[in-house]
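The values are calculated or read from the model by the stated rules, or taken from the named source; none is laboratory data. Being a predicted model, the structure only gives us computed values, none of them experimental. Backbone-built Cβ (ideal geometry, glycine too); neighbour counts: all protein chains shown.
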Amino acid sequence: MLYLRILAAFAGQPWAMQPEKLETIASFLMFKARGGTLSDDELQARIGDRRTDNAPAASGGIAILPVHGVISQRMGMMSDISGGTSTEALAQQFRAALADEAVKAIVFSHDSPGGGTYGVDELAAEIRNARGVKPIVAQVDSLSASASYYLASQADEVVVTPGGEAGSIGVYSVHQDISKMLENEGVKPTLIRAKNGIYKAETANIHPLSEEAHDYLQQRVDIAEGAFINAVAAGRRVSQATVRDNYGKGRMFGAAELVKRGMADRIGTMRDTLQRLGASSPRLGAAANARRMFAAGDTPQLSQIEEVLREAGFPNALATAFVSRGKGALQGEPGQEETRSLSPDAKASLQQFMARLGK
């Protein structure tokens, strides 16, 4: 019955999310409500990425705040389903970055299909009102849909990675009528409500949606979308009519089209944005760049290799020794006591690593 209650909550709020993602989540909830079970690997395959990297990073005085996965106010239910970003937690991180004198600029890293509307308008206003305190950049890397774009549009600048997408401005709600499913399972719920609360549970998913209840949900969706459009217009400094007519009416766009329509300011990668703001490289740049170079068949610099070694679990002293001595660390030159003291397993690991470098 847990997932039946989650389905009811799911249907009870407006959503600012890519329809494909919302349909996937709705399908998953229905599957669980029927008693279905999944292994961790099957769960991952069914609902996609679970982003858990929500801790802010710092790079050369730049605070990087991740907006990853499904957006929700507190994430209690949604984090179990697909991971994501809490607007409450993100607001706390944003305030801390604003107050930190060592932070000279703030970059929101967006990779999200959107989410619920609760808490989003409040955070959007907080970001917009903080303009002028420090540079605030929304970096689309590589998806900013619906509620994510709601927030991104409030930054001083929206930058989209060349292969990125953004948009999906709009709000909708989903009502899952599970009455037939319950009937097939031999369950016939009886709804009991107080005489004065004639509309109580009118949108419950245990019975078909009435026309009156449908109109009520439509009204809520329209109000939420109006707030969305108003916020985007204020954030992008355009009229509401411009947002309604030129910002896609729910469609997504690639980087070039976003700039053309005024929905973004420039095309650039996260690395480009950080360098432009004065940071030397992303926080995880050494290891990430080394992996990219390996994939491309190139040889990374030794400083990058050191970071890869540490990330792979090598002791700091061993990683540093390898970098400081370069390839000679495996050759055992006379007088290199540290090299001769390497264990056979450590030397074997380094031999494998060197073999990959030579490919």
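General remarks:
- Within the set Lys327, Lys260, Lys249, the sole residue that is at pLDDT 60 or above, loosely packed, with under 15 Cβ neighbours inside 10 Å and assigned to a helix (DSSP H, G or I) turns out to be Lys260.
- Qualifying residue in the range 110-117 (condition: buried (at least 16 other Cβ atoms within 10 Å of the Cβ), under 23 Å from Asp222 (Cα atoms) and among the acidic types (Asp, Glu)): no
- Candidate set: the range 53-81, residues that are of a type in the set (A, V, I, L, M) and farther than 15 Å from Phe94 by Cα; chosen: the one modelled with the highest pLDDT: Ile71
Yes or no, residue by residue, for (1) at pLDDT below 85; (2) closer than 20 Å to Ala255 by Cβ:
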{"position": "Tyr150", "(1), (2)": "no, yes"}
{"position": "Gln154", "(1), (2)": "no, yes"}
{"position": "Thr161", "(1), (2)": "no, yes"}
{"position": "Ala166", "(1), (2)": "no, yes"}
{"position": "Val171", "(1), (2)": "no, no"}
{"position": "Val174", "(1), (2)": "yes, no"}
{"position": "Ile178", "(1), (2)": "yes, no"}
{"position": "Asn184", "(1), (2)": "yes, no"}
{"position": "Val187", "(1), (2)": "yes, no"}
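- Residue count, the range 125-146 (criterion: closer than 12 Å to His68 by Cα and either over 12 Å from the mean Cα position of the chain (by Cα) or hydrophobic (A, V, I, L, M, F, W, C) (or both)): 3
- The range 252-271 residues that are closer than 20 Å to Pro113 by Cα, paired with ones that are acidic (Asp, Glu) and surrounded by fewer than 18 Cβ atoms within 10 Å (Cβ to Cβ) (beta carbon under 8 Å, 6 or more apart): Val259/Asp265
- Between Ala231, Ala227, the distinction of being closer than 30 Å to Asp272 by Cβ and modelled with pLDDT of 95 or more belongs to Ala231 only.
- All positions within the range 162-186 that are touching a helix residue (DSSP H, G or I) at 6+ places or on another chain (Cβ under 9 Å) and not in a loop (DSSP other than H, G, I, E, B): Glu165, Ala166, Gly167, Tyr172, Met181, Leu182
- The lone criterion from (1) in the same structural domain as Gln139 (by TED's automatic domain parsing); (2) out of contact with any Pro (no Cβ under 8 Å at 6 or more places or on another chain); (3) buried (at least 17 other Cβ atoms within 10 Å of the Cβ) left unmet by Ala255 is number (2).
- Count of residues meeting criterion [in contact (Cβ under 8 Å) with a residue 40 or more places away in the chain and over 24 Å from Met17 (Cβ atoms)] in the range 163-184: 0
- Here Glu202 passes the criteria (1) modelled with pLDDT of 90 or more; (2) farther than 26 Å from Glu122 by Cα; (3) of a type in the set (Asp, Glu) except the one numbered (1).
Condition check ((1) surrounded by fewer than 24 Cβ atoms within 10 Å (Cβ to Cβ); (2) not assigned by TED's automatic domain parsing to the domain that holds Ile62) across all residues:
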position	(1), (2)
Arg128	yes, no
Ser142	yes, no
Leu151	no, no
Asp156	yes, no
Thr161	yes, no
Asn184	yes, yes
Lys200	yes, yes
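- Inclusion of Leu191 among residues that are part of a loop (DSSP other than H, G, I, E, B), touching a residue at least 12 places away in the same chain (Cβ under 8 Å) and farther than 30 Å from Val137 by Cα is warranted.
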